[in-house]
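Asker: Supplied in C-alpha cells, the structure appears directly below.
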Amino acid sequence: GDVFTYDPGFTSTAACESSITYIDGDAGELLHRGYPIEQLAEHSHHLEVCYLLLYGELPNAAQLADFEFRVSRHTMVHEQMHYFFRGFRRDSHPMATMVGVVGAMSAFYHDSLDINDPWQREVAAIRMIAKLPTIAAMAYKYSVGQPFNYPQNHLDYAGNFLHMCFAVPAEPYVVNPVLAKALDRIMMLHADHEQNASTSTVRLAGSSGANPFACIAAGIACLWGPAHGGANQACLEMLREIGTVDRIPEYIAKAKDKDDPFRLMGFGHRVYKNFDPRAKVMKESADEVLGLLGIENNPTLQVAKELERIALEDEYFVSKKLYPNVDFYSGIILDAMGFPTSMFTPIFALSRTVGWISQWKEMIGDPTQKIGRPRQLYTGEKRRDYTDVRHR
Ligand code: CMC
C-alpha cells in the first residue's frame, strides 16, 4: 500500500501557508503581521490587533473608528438566545455552555452562513468578535444566578466585558480603567498563535465547508483541554493547592516523577524552547495590576514567582527547555479582577476568536487548500473471514 510519514502531534508537518502570525520558538519571538507582540501589548489595544490580524495592516484612525463601530453594532445576541442559555444547568462549566451557544449561532444568523459569499464571511467575522464576550459574560451570569447584562456600546471592548460580568441591577457599576486596560492586554496576548491545536481544529472543521460558527464552536471545544487553553484554570488551581512556598519542592518532585502524570501547569510549550514572550509581558502585568490594587503580597503570586525561580534552576526543567507559558501568570490577574477560575478559559476563547476567524478566512481564500484528511499507519488485523456467532 501507500507509504505515509508518521508525525503524531504534527511536530514537523506544515498543513498550510499563512501570513498572519510568525513564531521563532528558539528566539522567543512572536510577530503578528510582522509586529512584535511586546510592541502591540505596550502600544496597541485588542480591537486594533483584531483589525491587524483580520486585514493584514494596522488601521488608520478612520478605519479603526469604522471597525469599532461595526463591531459595536453586533454586540447584542438574538433575544431568543436567552432561552437557549436557560436550557443549561446552572452549575454547567461556562466553557460547556459556550461550545453549545456558539455552535447554535448558526441557527440564528442565517445571513452569514454562506462561506462562498465574501460579504457574509465578513459579517460572520464581525459577529463573532462582537458577540463572543456577550456570550461568555452570559454564561458567567447564568452560572451565578444573576440576570444577564446587555452590552454597553459606550464602553470599550474590555470595559464592556467587565460591565457585563460584574454589574448588577441593584447598584451602579463603574468600570475600573486599570482593570479594563489589563484585561485588554490579556486579550491581545491571546489573540492569535498560528497553528495551535484549536486553530488547527477550526481550519480542519472549515476545510469541509462547515459554516464559521460551527468551526469556532469546534475550536472552543479543543481549547478547553488542560494541555491547551484549560491550562490557565488548572494553573491557578495548582498554585492555590500548593498554597505556601514551603510546599513547592513537593510539587516539583511530583512533576519530575516519570510515574506521576502530574505536570506543572502553565509550564512548557511545543514551540517556545527559550521563553514565551507572552509570559514575560503577563508577569509584568501581574505585578502592575496587583500593585495598583494594593494586593502585591497575594500569596498565589508569591508561590508562582518562587515556583518559577526554583523550576528555572532545576536540571529537569532546564534540560527539557520548560519555561512558564502564557497561562502561568494570566490567572493571577484574572483572579485579582474577581473572575472565578471557571471563567479563565472562556476569556482565552473570546480573545482567540479573532485568531480563529482570521485563520479561517485566510483558508477559505486560499486556492491551494483542500479538505483536511490525514492518513494513518494501520496496525489492526489483516483481512479475515466472518464467522457465525455460534462458532465464536
Ligand atoms: N511539567 C513537567 N514536565 C513536563 C511539562 C510540565 N509542564 N511539560 C513537558 N514536560 C516534559 C514531558 O514529560 C516530556 O518529558 P520526556 O521527554 O521525558 O517524556 C518533555 O517535557 C516534553 O514534553 P511533551 O509533552 O512531549 O511536549 P509537547 O510539546 O507535546 O507538550 C505542552 C507541550 C504545552 C502540552 C506540555 O508542555 C504541557 O502539558 N504543559 C502543561 C500544560 C500547559 O501549560 N499548557 C499550556 C500551553 S501554552 C498556551 C496554550 O496553548 O493554552
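Asker: Could you look through the stretch 247-273, keep only residues that are of a type in the set (Gly, Ala, Ser) and within 9 Å of the ligand (Cβ to nearest atom), and pick out the one that is nearest to the chain's Cα centre (by Cα)?
Answerer: GLY266
Asker: Considering only the stretch 256-279, how many residues are under 16 Å from GLU308 (Cα atoms) and free of Cβ contacts under 8 Å to residues at least 24 places away in the same chain?
Answerer: 1
Asker: What is the number of the single condition among (1) at pLDDT below 95; (2) crowded, with 23+ Cβ neighbours inside 10 Å; (3) more than 8 Å from the ligand (Cβ to nearest atom) that LEU236 does not meet?
Answerer: It is condition (1) that LEU236 fails.
Asker: Select from the stretch 275-302 the residues that are away from the ligand (no atom under 14 Å from the Cβ) and outside any helix (DSSP H, G or I) and write down the one among them that is nearest to GLY230 (Cα to Cα).
Answerer: ASN298
Asker: Name the one entry in ILE347, ILE332 that is in the same structural domain as PHE213 (by TED's automatic domain parsing), among the β-branched types (Val, Ile, Thr) and surrounded by 16 or more Cβ atoms within 10 Å (Cβ to Cβ).
Answerer: ILE347
Asker: Here's another thing I want to ask about it. Go through the stretch 308-349 and report how many residues are near the ligand (Cβ under 10 Å from one of its atoms), in a helix (DSSP H, G or I) and over 16 Å from the mean Cα position of the chain (by Cα).
Answerer: Qualifying residue count, the stretch 308-349: 4.
The values are calculated or read from the model by the stated rules, or taken from the named source; none is laboratory data. Just so we're clear, the structure is a prediction, and the values are computed from it rather than from any experiment. All Cβ positions, even for glycine, are placed from backbone atoms using ideal geometry, and neighbour counts span all protein chains on display.
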